[in-house]
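Enquirer: Here you go, one structure.
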Amino acid sequence: MKLLFVLPEYGDVGGGIATFYRHLLPEFVAGGHRVDVCVASERFSAEPSTQPSGVRVFGLSRGAIASASKRLNGFAAVPDLQKELATAWAAWEGTAHGDGYDVVETSDFGMLFAPWAANGDRPPVAVQLHSSNGQISFHEPLAGHELAGQLARLVEGMLLPRVEELQTYGGPNAQEWEALFKRPVHHIYPVWSLHVEPDDTGGDCGTGNAIVVGRVQNWKGPRVLCEALRALGGEAPVVDWVGRDTSDRKVGRSMAAALTDEFPEVWGQKVRWCGLKPASETAQLQRAASAVIVPSTWDVFNLTAIEGMAARRVVICSTGAGAAGLIEDGVNGFRFTGGDSSALADALSRFGQLTATQRCDVGEAARDTVRTVLSPERIVPQRVERYRKLAAGEVSRPAPHPWCETFFGSHSEPNALTFLDRLPFRSLFQYGVRRCLGRFTEGRR
C-alpha cells in the first residue's frame, strides 16, 4: 500500500507524536509499504528527503501557511486556531488532497484532520487521536483562551465524525471518544521497537533519583506529585523533573513559579526541575533513574512510561494515563489512582521498600511486557489490517455535513478585525485602557 501521514512533527525530536511514529513507520516500510510523511510545520524544510529507514519526509512550501491564513479571516478573533487551521489547509493542498495514496492518516492534534474531514474527494482517512486541542483546553483551561477551546471542541464535534476511521493507542481515550460520538474508536497499542532506542543500561536497576519527563503542566500532575512528597516528609525520594515550563491557568503565569509558591519545601527541594533537555540527554537521565514516575491526572498514553519500562526501570504510573493498562501492580511496575496524591505516596512507599534484587525483577518484567505486548510482530499487522479494510472500501464513509464544504470557504473581509464592530464600545474602550496601562507598567519594571 501507499500510505501518507500528515503529522505535526516527525523525526528525532522529543515530542510524543514524533516518538510514536518514529517507532511505527519504519516497520511499515520493512513490510513492503511505501510511507510518505508531510510534516505540517513552517519550521520544517519543504525539501523531500528519504531517511535511512526508507520513510520519505517533506514539509510545506514557503509561505503556504500565510497564504492559507488569509482565507480564514473569520477566525481572526482566535489567532492560534486560525493558524492551526491554515496549517492544516496548507498540508491538504501541499499533498494534492492525498491524490495517489491508498490511505491517509493524520492527527487530531493541531486540527490537522479538519480539511480531510470537510472534503469528500480524497482517499480514505484515519485520524489518530493523540490528544485533541479541545481535550487539552478542557483539561488545561487558560484564561483568555476560552473561546479557542470552545471553538476547537465545536469543530471537532462537527468534523471528526466525518472520517472513516478513528484510532487511538490509549484505552480510556477510546472509551471517551466512543461515548461522545457513539461510534467505534479502534484501540491499538503503540509499536515499540527495542532496537530503535539504545539499551546501555547494562542490566542494572538504576541508582539515580526518580524522574518525571514531561511539560510542567497541570494535567501532567506536578501538584499531585508535590502533595504526595509533602505527605511523605523525610521519607520522600528526590525526583528530577525534565521538561519545559508552561502557563498556570493564565497565559504568562509560570507553572513552575506557582509550584514554588504553593510547595516551597518540595518544588526546588524534593522536586528538582531541570528544564527542557535534548532528547539524547533526557534518555540518559531516564536510563540512570531508579524509577520513572507518571503522575498525570489525564494523558492519552504517556510514552515516557514505555521508555522507562524498556529501560528496565520501575514505572509508577497514574491510571489517568493510558499506559497504566500495561502495568500489573507490583509485578512490572506500580499503578495508583489518577489525581490521588495519597495513592501516589503509598506507591512511592512501596517502591522504597523494594530491595535492589526486587527492583531488577520488576524492571525485567517491565521490559518483557514491552518486548511482547508492544512488539512490531504483534502490533503492525493490526494496523495494516485496518488500512487494508479502508483501502478496500470495507469501511463506510460517513456522509459529509452540508456545512463542511463551506468550512474553509474564502472570506472577503479586508479587515480581519471587523468582528469587533459587534462588541460594545464601552467594553472595548475599558479593555484598551487596561491593556495600555498593563503594557506601560511592564515596560517600567
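Enquirer: Can you compute the charge dipole magnitude of segment 210-374 about its Cα centre, using +1 on each Lys and Arg Cβ and -1 on each Asp and Glu Cβ, nothing else charged? Give it in debye, rounded to the nearest 20.
Expert: Result for segment 210-374 is approximately 380 debye, rounded to the nearest 20.
Enquirer: Something else now. Please list, ordered by chain and number, the residues whose modelled amide H lies under 5 Å from the amide H of Gly338; skip anything fewer than 5 residues away on the same chain.
Expert: Thr319, Gly320
Enquirer: Here is a further query. Looking at the chain only, what percent of DSSP beta bridges run antiparallel? Nearest 5 please.
Expert: 5
Enquirer: Find the Cα radius of gyration of the chain, compare it with 2.2 N^0.38 Å by division, and give the number to two decimals.
Expert: 1.03
Enquirer: Projected onto the charge dipole of the chain (+1 at Lys/Arg Cβ, -1 at Asp/Glu Cβ, origin at the Cα centre), which of Gly221, Gly206, Tyr431 gives the Cα projection farthest towards the positive end?
Expert: Tyr431
Enquirer: Please give the FRET efficiency for Ala46 paired with Glu93, using the beta carbon to beta carbon distance and R0 = 22 Å, rounded to the nearest 0.05.
Expert: After rounding, the FRET efficiency stands at 0.95.
Enquirer: Now for a separate question. Can you give me the distance in nm between label points at Glu235 and Gln175, each placed 7 Å from the Cα along the Cα-to-Cβ direction?
Expert: Here the modelled spin labels are 3.1 nm apart.
Enquirer: Give me the mean projected area, in nm² to one decimal, of the convex hull enclosing the Cα positions of segment 115-220.
Expert: One quarter of the hull surface, i.e. the mean projection, equals 10.1 nm².
Enquirer: Given Cα pairs under 8 Å that are at least 6 residues apart, what percent is the relative contact order of segment 269-334?
Expert: 28
Enquirer: Another question, if that's okay. Using only Cα atoms, figure out Rg for segment 210-374 and give it as a multiple of 2.2 N^0.38 Å.
Expert: Against the empirical 2.2 N^0.38 Å value, I get 0.96 for segment 210-374.
Enquirer: Just list whichever of Lys182/Lys277; Lys250/Lys277; Lys2/Lys70 have alpha carbons separated by over 30 Å in the model shown.
Expert: Lys182/Lys277; Lys2/Lys70
Enquirer: Arranged from highest to lowest average of other beta-carbon atoms within 10 Å per residue, in what order do the peptides 382-393, 58-69, 209-220, 128-139 appear?
Expert: 209-220, 128-139, 58-69, 382-393
Enquirer: Run the simple label-point estimate for Ser61 and Arg378 please: 7 Å along Cα→C-beta, distance reported in nm.
Expert: Label at Ser61, label at Arg378, 4.6 nm between them.
Coordinate-derived values only; no laboratory data. Remember, predicted model here, so these are calculated numbers, not experimental data. Note that each Cβ is placed from the backbone with ideal geometry, even for glycine, and that neighbours are counted across all protein chains shown.
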